[in-house]
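Written out below as structure tokens is the structure these notes cover.
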Amino acid sequence: MRLDLASWLEVETYLEQNRTIILPVGSTEQHGPMGLIGTDALCAQTIARLAGERTGTLVAPTLALTPAPFNTAFPGTISVSAATFKTMVSEIISCLHGQGFERIYFFNGHGANLVPVGQAASEAEVSAGDRLEIRIRSWWDFEAVNKLRRDLYGDWEGMHATPSEVAITQATHRILPPGSATEPPRKLSADYIRAHAGDRHGPPDEHRRTFPDGRVGSHSALATPKHGKALIEAAVTGFAEDLNSWAR
Ligand code: NI
């Protein structure tokens, strides 16, 4: 059930049976020549809504304006600071908790969200005591999803504008011609991947100079809508199982 398509009376009735809500979090940032600006938000939202239907869990509107400072030299990227985002997440948690929600599941599609959401969540859990539990998972955390990413793309999954995220939006939203992404991107070293995990990238101008078409080690053009459907199914299954065992 979608929160934005429910009435307050329906939410009040829901709360008599179920104290869990899903909150998808993504980003609004460049995803290379053939990736949509909304990729991270659209991936998290698609999977969260399907898992919400499957488990009968309420799904809140997607938080799509989040920190992506390294991508602001690419037009269309909208970034807010990690501090602003953390404050917003804290206030959202406190608002939902005040209405009786006791389990909030942040379902993530963007690496740079993990630290601010994690900090806001631990602070809220400490101050609320045992009446509030918060869980944070990204759609690629589930083993079956990771196996698919490895099997389909190997090292070409890379770090940004990944073929797996492009495949998901191809299956659900829009297919763009690959253009310059037909050519494979520069291969990343193992050191680079370790040093920049969780979207720890450099300043915007340097980032655009280093990765001129926006792909970071990812061969986006390997994506197909068929892969996207399989990735969505694996992620929805993993998420629904995790949600059911957590919220019991
Ligand atoms: Ni992404």
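Computed values, structure above
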item: Among residues of the range 95-143, those that are at positive phi and assigned to a loop (DSSP other than H, G, I, E, B), counted; result: 1
item: Index of the failed condition, Phe107 passing every other in (1) open to solvent by 60 Å² or more (accessible area, probe 1.4 Å); (2) within 16 Å of the ligand (Cβ to nearest atom); result: (1)
item: Criterion violated by Ile93 - all others in (1) closer than 30 Å to Pro178 by Cβ; (2) open to solvent by less than 60 Å² (accessible area, probe 1.4 Å) satisfied; result: (1)
item: Whichever residue in the range 1-59 is open to solvent by 30 Å² or more (accessible area, probe 1.4 Å) and hydrophobic (A, V, I, L, M, F, W, C) and, among such residues, is modelled with the lowest pLDDT; result: Met1
item: The range 1-56, residues that are of a type in the set (D, E, K, R) and assigned to a loop (DSSP other than H, G, I, E, B); result: Arg19, Glu29
item: Failed item in (1) touching a Ser or Thr at 6+ places or on another chain (Cβ under 6 Å); (2) open to solvent by 10 Å² or more (accessible area, probe 1.4 Å); (3) of a type in the set (Ser, Thr, Tyr); (4) within 13 Å of the ligand (Cβ to nearest atom), with Thr77 passing the rest; result: (1)
item: Counted residues, the range 19-48 - those being more than 16 Å from the ligand (Cβ to nearest atom) and over 23 Å from Ala120 (Cβ atoms); result: 0
item: Tally of residues being touching a residue at least 60 places away in the same chain (Cβ under 8 Å) and of a type in the set (Asp, Glu) across the range 67-112; result: 1
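Yes or no, residue by residue, for (1) touching a strand residue (DSSP E or B) at 6+ places or on another chain (Cβ under 8 Å); (2) closer than 21 Å to Thr28 by Cβ; (3) of a type in the set (Ser, Thr, Tyr):
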residue	(1), (2), (3)
Arg150	no, no, no
Gly154	no, no, no
Ala171	no, yes, no
Ser180	no, no, yes
Pro204	no, yes, no
Arg208	no, yes, no
Gly214	yes, yes, no
Gly217	yes, no, no
Gly228	no, yes, no
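The values are calculated or read from the model by the stated rules, or taken from the named source; none is laboratory data. Predicted, not measured: the structure shown is a model, and the values here were computed from it. Because the Cβ atoms are built from the backbone with ideal geometry, glycine has one as well, and the counts that use them run over all protein chains shown. Just the protein is used for accessible areas: all its heavy atoms, side chains included, with ligands, DNA and RNA removed. Shrake-Rupley method; radii C 1.70, N 1.55, O 1.52, S 1.80 Å.
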